[in-house]
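First the structure, in the form of structure tokens, and then the observations on it.
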Amino acid sequence: MNEIKWELAIQVNLIGVTIGSLLAIEKYFPKYKSGDKAFIINLSSVAGVAPADFCPVYTATKHAVIGLTRSYGLNKHLLEQGIYVMALCPSSTDSAMVDYMRHVQRYKDLYDDAYAKFSSYFQKATTIGKAAIKAMTDGDSGSAWFIKDEEIYKINFPTLEQLIGIQLQ
Ligand SMILES: NC(=O)c1ccc[n+]([C@@H]2O[C@H](COP(=O)([O-])OP(=O)(O)OC[C@H]3O[C@@H](n4cnc5c(N)ncnc54)[C@H](O)[C@@H]3O)[C@@H](O)[C@H]2O)c1
Ligand SMILES: CCCCC/C=C\C=C\[C@H](O)C/C=C\C/C=C\CCCC(=O)O
């Protein structure tokens, strides 16, 4: 998260995740996948689902990660290659990134309001690992998962067909 060096945030959060997905789908899995299934787990955020006034660029990249995940998660890719693509959407989580922003003054100034409003609690990073296992066990490709402690659930989004009113056969 870096709203000051925002081009860098887009490079890392969106272009980095896109390159990772393309490398996995086009190069890595075709060569190394041995079983029926392979998984790509992308890190989005609660800010990938709802807007956050203190970090619009971060929020845009995390929304984009949801779009990338849901699109590569559609049946076409699943059926062709057996690749399941999921996104995790954690709420605030204790990590090096948060710690850095909490202590570095130029970021602290920018995020002060957000800390006052949201940061009374940070979940443990190990919770995200548990959620990843739950997502893979559930096995719904294209799904995005809200994570806040024990509260871990699939987020509902409309499909393109539902939005534009196409009747599926
Ligand atoms: N901490 C939170 O509250 C929170 C909540 C929701 C989502 N997320 C997301 O979770 C993911 C992990 O973040 P985190 O909170 O664990 O922070 P973190 O600082 O522990 O992890 C970020 C990792 O990204 C790596 N990284 C940074 N720039 C890189 C680059 N240019 N190339 C390769 N690697 C690079 C860092 O080395 C570090 O290992 C991020 O995508 C973050 O947006 C975090
Ligand atoms: C919590 C605000 C301080 C900044 C935290 C730093 C990074 C967090 C990045 C995450 O991707 C989360 C993004 C936005 C968080 C917004 C609201 C958190 C809601 C807190 C809650 O679970 O009640």
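What follows draws every value from the coordinates through simple rules; no lab data is involved. Keep in mind that this is a model prediction, so the values were computed, not measured. Glycine also receives a Cβ, built like all others from the backbone with ideal geometry; neighbour counts cover every protein chain displayed.
Rounded to the nearest 20 debye, the dipole magnitude of the chain is 380 debye, with +1 charges on Lys and Arg beta carbons, -1 on Asp and Glu beta carbons, and the Cα centre as origin. Among the listed pairs Lys27/Lys124; Lys62/Lys117; Lys5/Lys76, those with a Cα-Cα distance over 31 Å are Lys27/Lys124; Lys5/Lys76. How charged is the neighbourhood of Asp140? Take every other residue with its Cβ under 12 Å from the Cβ of Asp140, and add Lys/Arg as +1 and Asp/Glu as -1. Within the 12 Å Cβ shell, the charges total +2. Looking at the chain, what % of its DSSP beta bridges pair antiparallel, to the nearest 5? Here the antiparallel bridges make up roughly 25 percent for the chain.
Here is the list for segment 24-85: trypsin sites (Lys or Arg not before Pro) lying in DSSP coil, each with at most 16 other C-beta atoms within 10 angstrom of its C-beta, are Lys33, Lys37. A Cα-only calculation for the chain places Rg and Dmax at 17.1, 57 Å. At most 16 other C-beta atoms within 10 Å and a DSSP loop state: those are the exposed GluC sites (Glu not before Pro) I care about. Give me the longest piece of the chain that has none. Longest site-free region, per DSSP loop and neighbour criteria: 4-149.
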